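The values are calculated or read from the model by the stated rules, or taken from the named source; none is laboratory data. Fair warning: this is a prediction, and the values are worked out from it, not measured in the lab. We place every Cβ from the backbone using ideal geometry, glycine too, and count neighbours over all the protein chains shown.
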């Protein structure tokens with residue numbers, strides 16, 4: 001905690017004296033409104049950027065709020081938010097339904113889920129013909145279930161059914177109540193499931209399929225009118241992601257604050273160990289994952305045209321390209 005306080009004071013002092021401003025002297029901070037979509041261990045970059053002064057370091061005064069689920073996107077389109085940290089599925093769905101938004105960067109690019117089952121299931125092949133519990137339809141857990149089925153060549157609702165039961169805790173409860181024999185979960189619920197006797201029978205994260213799990217998103221109007229704000233949001237997000245991976249002593253108190261747990265909570269430690277492998281400070285947007293979402297939406301929305309849609313049409317990567325050309329990512333990892 002002492003290191004965190006000292007580090008934060010140093011950032012504040014350097015910013016106040018102008019050394020962290022882009023033009024060599026202290027400049028007024030640009031006020032923007034941002035949100036994050038869920039309180040989960042895979043979602044800390046905006047928390048870190050806010051609480052450790054990274055937004056301020058890059059010239060931003062960010063009002064950060066929690067706007068749950070997909071609500072951040074219509075709030076942003078309506079003008080009450082400027083930029084959001086949100087799931088790629090919600091973003092792609094909103095974009096194909098006509099909302100003029102773009103993915104700017106992705107800092108968590110894997111579906112880190114696993115299938116856990118009761119001791120009645122001895123082998124993953126025994127799930128064929130059965131129903132597997134997942135999170136809400138259209139959410140990351142549900143798409144992880146679809147990816148699981150795709151890996152084994154199983155057709156949804158023919159070979160294996162997916163039943164939405166709510167979030168990860170509800171999936172585990174469904175197994176504990178004996179209503180279903182298997183479910184798709186992510187950490188830390190997977191750790192609880194294992195302790196309760198539901199063993200992991202397949203690690204979906206091991207498939208290494210790139211997916212825009214958590215991304216930075218804004219409206220094209222705001223992007224066009226505020227390019228410097230956008231690049232600075234991405235700089236702060238990138239550095240926050242790098243700190244998450246390399247400085248647990250700094251970020252654990254921040255994550256513990258938002259998750260309302262102790263900074264030594266075992267689930268915080270376990271989640272960091274796993275999620276840290278897939279956090280991406282380069283913020284590369286996985287186009288393959290967007291294409292997977294479009295393919296599913298084509299069937300779900302009865303929009304066959306979506307199968308041929310170019311994933312790049314939903315992304316604006318010019319700011320990441322600028323950061324790359326300026327050597328930002330290289331300098332970041334050399335600190």
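Need the failing condition index for residue 174 against (1) touching a helix residue (DSSP H, G or I) at 6+ places or on another chain (Cβ under 8 Å); (2) part of a helix (DSSP H, G or I); (3) at pLDDT 95 or above, just the number.
(1)
Write out, first by first residue and then by second, each pair whose Cβ atoms fall under 6 Å of each other, whose residues are 6+ apart or on separate chains, and whose first residue, in the stretch 171-192, is without any contact (Cβ under 8 Å) to a residue 60 or more places away in the chain and not assigned by TED's automatic domain parsing to the domain that holds residue 274 while the second is crowded, with 20+ Cβ neighbours inside 10 Å and in a loop (DSSP other than H, G, I, E, B).
As it stands, the answer is 171/165; 174/165; 175/198, since those pairs meet every condition given.
Given the stretch 1-74, what helices (runs of 4 or more DSSP H) lie entirely inside it while holding 3 or more residues that are exposed (fewer than 13 other Cβ atoms within 10 Å of the Cβ), assigned by TED's automatic domain parsing to the domain that holds residue 239 and at pLDDT below 95?
Working: elements: 2-16, 45-51, 54-57.
Of the helices (runs of 4 or more DSSP H) lying wholly inside the stretch 1-74, those with at least 3 residues that are exposed (fewer than 13 other Cβ atoms within 10 Å of the Cβ), assigned by TED's automatic domain parsing to the domain that holds residue 239 and at pLDDT below 95 span 2-16.
Can you tell me which of 209, 231 is in contact (Cβ under 8 Å) with a residue 40 or more places away in the chain and more than 16 Å from residue 143 (Cα to Cα)?
Working: 209 fails: more than 16 Å from residue 143 (Cα to Cα).
Result of the check over 209, 231: 231.
Looking at the stretch 297-316 only, could you name the residues that are touching a residue at least 24 places away in the same chain (Cβ under 8 Å), in contact with a helix residue (DSSP H, G or I) (Cβ under 6 Å, 6 or more places away or on another chain) and assigned to a helix (DSSP H, G or I)?
297, 306, 311, 314
Just to be sure, is residue 330 assigned to a helix (DSSP H, G or I) and surrounded by 15 or more Cβ atoms within 10 Å (Cβ to Cβ)?
no
So residue 214 ticks every box in (1) closer than 28 Å to residue 103 by Cα; (2) exposed (fewer than 14 other Cβ atoms within 10 Å of the Cβ) but one. Which box is left unticked?
Of (1) closer than 28 Å to residue 103 by Cα; (2) exposed (fewer than 14 other Cβ atoms within 10 Å of the Cβ), only one is false for residue 214: (2).
Among the residues of the stretch 177-231, which ones are in contact with a strand residue (DSSP E or B) (Cβ under 6 Å, 6 or more places away or on another chain), part of a strand (DSSP E or B) and over 25 Å from residue 44 (Cα atoms)?
182, 183, 200, 201, 202
So residue 200 clears everything in (1) touching a helix residue (DSSP H, G or I) at 6+ places or on another chain (Cβ under 7 Å); (2) touching a residue at least 24 places away in the same chain (Cβ under 8 Å); (3) surrounded by 15 or more Cβ atoms within 10 Å (Cβ to Cβ); (4) within 22 Å of residue 273 (Cα to Cα) except one condition, right? Which one?
Of the numbered conditions (1) touching a helix residue (DSSP H, G or I) at 6+ places or on another chain (Cβ under 7 Å); (2) touching a residue at least 24 places away in the same chain (Cβ under 8 Å); (3) surrounded by 15 or more Cβ atoms within 10 Å (Cβ to Cβ); (4) within 22 Å of residue 273 (Cα to Cα), the odd one out for residue 200 is (3).
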